Ligand code: T46
């Protein structure tokens, strides 16, 4: 995943009165802003930069004039021209950058995620290359927070693993997943692509989670339905959470359960029996209260079909809902 990106900001207004562009933290600026600085009166024959940051995130906006920014993440080198006040360049950690070809009237505004700290700079190119090659967070195309422990080498690209989470060595995770803070993933676990695992979830041996599943905060999985301290089953229960389904906050999924495709488990539900595709279940013990669409909205029954406001339709066959 590239850690730099051109950003386009909204231009509010029209030619005859002029324009306004607003920069807002955690909205069009992808971080919390702690510092704003600007660089001006740079002579046209000067180049600046020649460094990378270890942790700092920045957005560069050329609010007057123009300049070129060359970025290098150790794999790719690209050059961006900044000459519009409604464009920015996001530069994250581990990206070497150099600024060239300043115009006379240039003013470069920079929004930064942290206070100035010289210790965060890598000002020597070889040191930069060593740094990114030796830091897991810049490797294998996935992001690992400094405070996460990832023993597994089987993590898909663009997956993000946030602080205080631990993934054991044999676990497999697909692409573009989001593993939020305080998540523990044991060894015999297979997780698909685009899966979200919210904070405080422990994914034990025997659990399989397919693509596009949402696991809400503090969902509890069980892999031994008759536990006794220091007694281990020959094999842990196999629990299957099928694609597109969502497990609500604080729900409990007993061992050996199968959650059908696109099903929804309501917050706090204790799931004691399999959930069929598209079913919505709630309560303790879990019971069905209806069906939902692939998009997540509830379905209404019209004669023999089930319909969603989004236009999708479903029919029952073998007591299971199927899309038509
Ligand atoms: C970056 C590019 C885009 C401070 O004391 N406080 C500050 O907030 C900053 C940004 C700099 N300084 C001091 C540090 C140096 O003694 O100002 C001096 C010049 O800094 P530097 O040579 O790093 O300037 P540039 O234009 O090469 O780089 C600056 C930022 O430092 C850097 O983080 O990414 O702009």
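The values are calculated or read from the model by the stated rules, or taken from the named source; none is laboratory data. Worth saying up front: this structure is predicted, and the values here are computed from it rather than measured. Cβ coordinates were reconstructed from backbone atoms using ideal geometry, including for glycine residues, and neighbour counts include every protein chain displayed.
Quick check on residue 102: is it within 16 Å of the ligand (Cβ to nearest atom), surrounded by fewer than 19 Cβ atoms within 10 Å (Cβ to Cβ) and in a loop (DSSP other than H, G, I, E, B)? Here the answer is no, as residue 102 does not meet what is asked.
Selection of segment 55-84 for residues being buried (at least 17 other Cβ atoms within 10 Å of the Cβ), assigned to a loop (DSSP other than H, G, I, E, B) and modelled with pLDDT of 95 or more yields 56, 57, 65. Any residue in segment 145-154 that is in contact (Cβ under 8 Å) with a residue 60 or more places away in the chain and either in contact with a strand residue (DSSP E or B) (Cβ under 6 Å, 6 or more places away or on another chain) or over 21 Å from residue 242 (Cα atoms) (or both)? Yes, segment 145-154 contains at least one residue that is in contact (Cβ under 8 Å) with a residue 60 or more places away in the chain and either in contact with a strand residue (DSSP E or B) (Cβ under 6 Å, 6 or more places away or on another chain) or over 21 Å from residue 242 (Cα atoms) (or both).
Filtering segment 113-122 to residues that are surrounded by fewer than 20 Cβ atoms within 10 Å (Cβ to Cβ) and either within 10 Å of the ligand (Cβ to nearest atom) or in a loop (DSSP other than H, G, I, E, B) (or both) leaves 114, 115, 116, 117, 118, 120, 121. Residues that are within 16 Å of the ligand (Cβ to nearest atom) and surrounded by fewer than 16 Cβ atoms within 10 Å (Cβ to Cβ): does segment 125-147 have at least one? Yes - at least one qualifying residue is present in segment 125-147.
Give the residues of segment 201-221 that are within 18 Å of residue 282 (Cα to Cα) and without any contact (Cβ under 8 Å) to a residue 40 or more places away in the chain, sorted by residue number.
Once the filter is applied, which keeps residues that are within 18 Å of residue 282 (Cα to Cα) and without any contact (Cβ under 8 Å) to a residue 40 or more places away in the chain, segment 201-221 yields 213, 214, 215, 217, 218, 219, 220, 221.
Counting the residues of segment 48-62 that are more than 9 Å from the ligand (Cβ to nearest atom) and either free of Cβ contacts under 8 Å to residues at least 12 places away in the same chain or more than 26 Å from the chain's Cα centre (by Cα) (or both) gives 1.
Looking only at segment 153-174, count every residue that is assigned to a loop (DSSP other than H, G, I, E, B) and either surrounded by fewer than 17 Cβ atoms within 10 Å (Cβ to Cβ) or more than 10 Å from the chain's Cα centre (by Cα) (or both) and tell me the total. Counting residues in segment 153-174 that are assigned to a loop (DSSP other than H, G, I, E, B) and either surrounded by fewer than 17 Cβ atoms within 10 Å (Cβ to Cβ) or more than 10 Å from the chain's Cα centre (by Cα) (or both) gives 13. Output the residue which, of all residues in segment 85-98 that are within 13 Å of the ligand (Cβ to nearest atom) and assigned to a strand (DSSP E or B), is surrounded by the fewest Cβ atoms within 10 Å (Cβ to Cβ). Checking each candidate, the answer is 98.
Of all residues in segment 175-185, those satisfying the criterion of being modelled with pLDDT of 95 or more and surrounded by fewer than 20 Cβ atoms within 10 Å (Cβ to Cβ) are 178, 180, 181, 182, 184. Note on segment 1-47: residues that are in a loop (DSSP other than H, G, I, E, B), surrounded by fewer than 15 Cβ atoms within 10 Å (Cβ to Cβ) and within 13 Å of the ligand (Cβ to nearest atom) total 5. Looking only at residues of segment 300-318 that are surrounded by 13 or more Cβ atoms within 10 Å (Cβ to Cβ) and under 14 Å from residue 260 (Cβ atoms), we find that the one that is modelled with the lowest pLDDT is 316. Selection of segment 303-319 for residues being over 13 Å from residue 290 (Cβ atoms) and touching a strand residue (DSSP E or B) at 6+ places or on another chain (Cβ under 6 Å) yields 305, 313, 315.
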